[in-house]
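Undergrad: Here it is, the structure, as structure tokens.
What follows is calculated from the coordinates using simple rules that are stated; it is not laboratory data. Everything quoted here is computed from the prediction, not taken from an experiment. Neighbour counts run over all protein chains shown; Cβ positions are idealised from the backbone, glycine included.
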Amino acid sequence: MKMNGCGNDFIIVDNRRGVMDGLALPDFVRRVCARGTSLGADGFMMLEASHVADFKMRYFNADGSEGEMCGNGARCIARFARLIGAAGTEMRMETLSGIYQAQINPHSRTVKLKFPDVALAELKLNQPYPPAEPADHYHYGFVGVPHSLWFVERVAEIPAQRLVEWGRQIRYDRERFPQGTNVNFVEVLDRHSLRVRTYERGVEAETYACGSGSTAAAIVAGVLGLVDAAAPVDVHTRGGLLRISWGRTEDAATEIYMEGNAKLVARGELLPDAWE
């Protein structure tokens, strides 16, 4: 099935019966995610059986690398799971970065995803960045996957090529980010809303939205006092709106929820020419 969450698009396969067995997955994913020559997508997901949750979500970036999870992808695979009978309207999914919970709104295309808690001590805030572009300091946190956050002005006006250049420069900065990082450019619009554009690791390009990056932005902005942490934050992405809410204890960000759309685009079968 082809789906997208706020424009972040994915190919999703039900692999509970091992239909993907025997394929060299990294090469297969690179080929089918290629735009123009195959179906094309930002990522590829498989729904598999799990012993600890309703199902397991396996996520692959468009470059064939396996990722810990994907926020927009998790919303999409939740709706997919409901459609194929793998879960009800409320579910738990196993990922490489822990157990996530999802709740489907039966009256709309939206899904609410609950993240595991984020330890505040593990956030790296106000880190100096001597190159000074796109900013002279950044913030970093692992929210599902690694994210760096760069607060800038007029983020919508940054030329696409410049954003990609900055994104690659930062993503491949092995001294600061040995595992690589997603690069989120964040603008504070008011006390309840942000605008975010993201260069995604594994896609190696700007995507229409990044759900976990938007969640990381809302948490960090709240910790820094740039938005009201006690109220939901509306995050405006190129592909649509995400609503983030979370609570706080002395040590952690808790009850972290991200809500946004999960759209069905097409269903069918991939033909051999898509990957051979």
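Undergrad: Find out how many positive minus negative residues lie around residue 257, taking Lys and Arg as positive, Asp and Glu as negative, among other residues whose Cβ is under 14 Å from that of residue 257.
TA: Here the charged neighbours net out to 0.
Undergrad: Mind sorting 219, 170, 158 by how few other Cβ atoms lie within 10 Å of their own Cβ, fewest first?
TA: Ascending number of Cβ neighbours within 10 Å: 158, 170, 219.
Undergrad: If you don't mind, there's one more thing I want to ask. What is the packing order of peptides 202-214, 229-241, taking the mean over residues of other C-beta atoms within 10 Å and listing the highest first?
TA: Descending mean neighbour count gives 202-214, 229-241.
Undergrad: Hey, another quick one. If the reach is capped at under 17 angstrom between alpha carbons, list the lysines near residue 263, excluding any in the same chain fewer than eight residues apart.
TA: Leaving aside lysines fewer than 8 places away in the same chain, those within reach of residue 263 are 2, 112.
Undergrad: Dipole of the chain, Cα-centred, from +1 at each Lys and Arg C-beta and -1 at each Asp and Glu C-beta, to the nearest 20 debye? Walk me through the numbers before you get to the answer.
TA: On the way: 31 positive and 35 negative charges, 129 e Å.
In debye, rounded to 20, the chain gives about 620.
Undergrad: Same structure again: Hey, fewest Cβ within 10 Å first, where do 110, 37, 198, 181 land in order?
TA: By the 10 Å Cβ count, ascending: 37, 110, 181, 198.
Undergrad: Among 242, 126, 158, whose Cα projects farthest towards the positive end of the dipole of the stretch 118-261, with charges put on the beta-carbon of Lys, Arg (+1) and Asp, Glu (-1)?
TA: Toward the positive end, the furthest listed residue is 158.
Undergrad: Here's a follow-up. Could you tally the net charge around residue 163, taking each other residue with its Cβ under 9 Å from the Cβ of residue 163, Lys/Arg +1 and Asp/Glu -1?
TA: 0
Undergrad: Using a 10 angstrom cutoff on alpha carbons, build the Gaussian network for the chain and name the most mobile of 22, 98, 247.
TA: Answer for the Gaussian network model of the chain: 22.
Undergrad: Regarding the chain, what are the three Cα extents along the principal axes, ordered largest first, in Å?
TA: 48, 36, 30 Å, listed from the longest principal axis down.
Undergrad: Calculate the dipole size of the stretch 118-261 relative to its Cα centre from +1 charges on Lys and Arg beta carbons and -1 charges on Asp and Glu beta carbons; express the result in debye to the nearest 20.
TA: Value, rounded to 20: 240 debye.
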